[in-house]
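Structure, as structure tokens:
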Amino acid sequence: MKAIPVHQDQDILSAAARLAGEDMCSINDLSSAEVRAIMKLGHDVKRNPREYRHALDAKQMVLMFEKASLRTRLSFETGINTMGGNAIFLDQTNSPLGERESIADIARNVERWVDVIVLRTYAHDTITEMAANSRVPVINALSDFEHPCQALADFMTLEEHFGSARGLNFTYVGDGNNVCHSLMLTGAQLGANVTIATPRGYSPDIEIVMLAREKAAANGCEVRLTQDPLAGAEGADAIYTDVCVSMGFEHESTKRAPIFRPFQVNEALMARAARHAVFMHCLPARRNAEVTDAVLDGPQSIVFDQAENRMHAQKALLLLLLGGLSNTASFTGLV
Ligand code: CP
Ligand code: NVA
């Protein structure tokens with residue numbers, strides 16, 4: 001079957017029309033077709049970056065981060081810079097949003113100067129409150145509850161590796177945290193079977209589980225929970241883990257270390273997965289804690305492809321939220 005060119009792709013054209021000016025606080029803000037559109041556009045942006053060189057000419061992005069970042073900050077900054085826009089970084093690590101002035105007042109100021117607000121916060125409500133009060137799109141660049149941009153890049157990476165996410169057996173081992181939540185929702189949107197293996201007491205949020213199961217049912221796949229990491233890894237196409245102590249939970253490090261030890265991704269756990277399985281991690285990794293060096297640096301690891309794809313997937317997202325396709329030659333007149 002001949003592939004449909006991106007500028008004729010119905011998912012992309014519909015997403016461009018519906019998402020222009022919208023926020024992306026959660027994967028749940030996107031339909032399955034819109035997640036697919038981001039994937040397809042992300043692959044094209046990666047293959048043909050010059051096509052999009054002027055798509056966001058003069059657009060201004062502000063990044064307001066309450067937490068540390070390497071990948072997210074740089075991938076957003078390089079992403080908008082390579083499409084003609086500009087990024088301004090505000091370090092909020094010593095000045096939590098809402099402390100000096102209300103979040104609503106910040107939104108009502110910032111929207112007068114910039115075209116998009118990218119937030120990394122502790123409370124998820126900080127992001128939704130900014131979105132509710134801002135006329136320009138707000139993007140979640142990680143909150144305590146979700147990390148949607150990470151999950152978009154991760155499933156783009158899986159598509160790159162396996163051709164499609166549909167029917168893949170994807171297993172997440174570790175803390176039922178922000179990354180886990182966004183992966184569950186994205187996997188379910190794209191038709192992947194998602195298994196989550198967490199220690200008792202660290203399972204994902206029940207509302208996210210229910211939402212992901214609803215989406216999975218609509219997309220012909222399943223979301224399963226287990227407390228047995230080896231059983232969860234059995235036959236998987238992809239094994240994913242994240243730190244067991246997320247930013248903001250450092251005070252729980254001592255308590256968590258022994259609880260998460262049996263959930264370490266090591267060669268024994270990888271041996272339970274399919275022979276062709278890949279290993280994934282959002283990074284930063286605590287080497288030899290949640291994952292051993294042998295796995296992280298081993299031949300199955302695709303962690304740096306994931307990191308690279310943060311930029312391409314976010315460029316696709318920005319193109320859709322900021323109406324950038326109308327400045328892209330192949331789309332002119334179509335969006
Ligand atoms: N994966 C990720 O979000 O990395 P940073 O915390 O470095 O941005
Ligand atoms: N769950 C981790 C992800 C870091 C990218 C955290 O929130 O710290």
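The values are calculated or read from the model by the stated rules, or taken from the named source; none is laboratory data. On a predicted model such as this, the values are computed, not experimentally measured, just so you know. In this analysis, Cβ positions are derived from the backbone assuming ideal geometry, glycine residues included, and neighbour counts consider all displayed protein chains.
Screening the range 285-307 for residues that are free of Cβ contacts under 8 Å to residues at least 24 places away in the same chain and charged (D, E, K, R) and picking the one that is farthest from Phe263 (Cα to Cα) gives Asp297.
Just checking, how many residues over the range 88-108 are outside any helix (DSSP H, G or I) and out of contact with any Leu (no Cβ under 6 Å at 6 or more places or on another chain)? It would help to see each step written out before you state the result.
Looking only at the range 88-108, we keep the residues that are outside any helix (DSSP H, G or I), and these are 88-102.
Filter once more, keeping what is out of contact with any Leu (no Cβ under 6 Å at 6 or more places or on another chain): 88, 90-102.
Total satisfying the criteria: 14.
Of the helices (runs of 4 or more DSSP H) entirely within the range 239-335, none holds at least 3 residues that are on the phi > 0 side of the Ramachandran plot and among the hydrophobic types (A, V, I, L, M, F, W, C).
Val114 fulfils the conditions (1) touching a helix residue (DSSP H, G or I) at 6+ places or on another chain (Cβ under 8 Å); (2) away from ligand 2 (no atom under 16 Å from the Cβ); (3) within 30 Å of Tyr52 (Cβ to Cβ) except for a single criterion, (1). Of all the listed residues (His147, His161), the sole one being at pLDDT 95 or above and either within 16 Å of ligand 1 (Cβ to nearest atom) or under 17 Å from Pro204 (Cβ atoms) (or both) is His147. All of Gly232, Gly187, Gly191 fail the test of being more than 16 Å from ligand 2 (Cβ to nearest atom), among the small types (Gly, Ala, Ser) and either modelled with pLDDT under 95 or over 19 Å from the mean Cα position of the chain (by Cα) (or both), apart from Gly232.
Where residues in the range 126-144 are over 22 Å from Val243 (Cβ atoms) and under 15 Å from the mean Cα position of the chain (by Cα), which of them is nearest to ligand 1 (Cβ to nearest atom)?
The first filter runs over the range 126-144 and keeps only residues over 22 Å from Val243 (Cβ atoms), leaving 128-139.
Those left that are additionally under 15 Å from the mean Cα position of the chain (by Cα): 138-139.
Working: Val138: 17, Ile139: 13 Å.
Filtering first and then ranking leaves Ile139.
Is at least one residue of the range 11-34 away from ligand 1 (no atom under 16 Å from the Cβ), at positive phi and either in a loop (DSSP other than H, G, I, E, B) or out of contact with any His (no Cβ under 7 Å at 6 or more places or on another chain) (or both)? Within the range 11-34, one or more residues are away from ligand 1 (no atom under 16 Å from the Cβ), at positive phi and either in a loop (DSSP other than H, G, I, E, B) or out of contact with any His (no Cβ under 7 Å at 6 or more places or on another chain) (or both).
Leu56 - would you say it is in contact with a helix residue (DSSP H, G or I) (Cβ under 7 Å, 6 or more places away or on another chain), among the hydrophobic types (A, V, I, L, M, F, W, C), crowded, with 19+ Cβ neighbours inside 10 Å and within 26 Å of Ser182 (Cα to Cα)? Working first, answer last.
Values: in contact with a helix residue (DSSP H, G or I) (Cβ under 7 Å, 6 or more places away or on another chain): yes; among the hydrophobic types (A, V, I, L, M, F, W, C): yes; crowded, with 19+ Cβ neighbours inside 10 Å: yes; within 26 Å of Ser182 (Cα to Cα): no.
Here the answer is no, as Leu56 does not meet what is asked.
Taking Asn48 and the conditions (1) of a type outside the set (D, E, K, R); (2) touching a residue at least 12 places away in the same chain (Cβ under 8 Å); (3) away from ligand 1 (no atom under 16 Å from the Cβ), which numbered condition does it fall short on, given that it satisfies the others? Status for Asn48: all satisfied but (2).
For the range 65-78, the criterion of being in a strand (DSSP E or B) and more than 16 Å from ligand 1 (Cβ to nearest atom) is satisfied by no residue at all.
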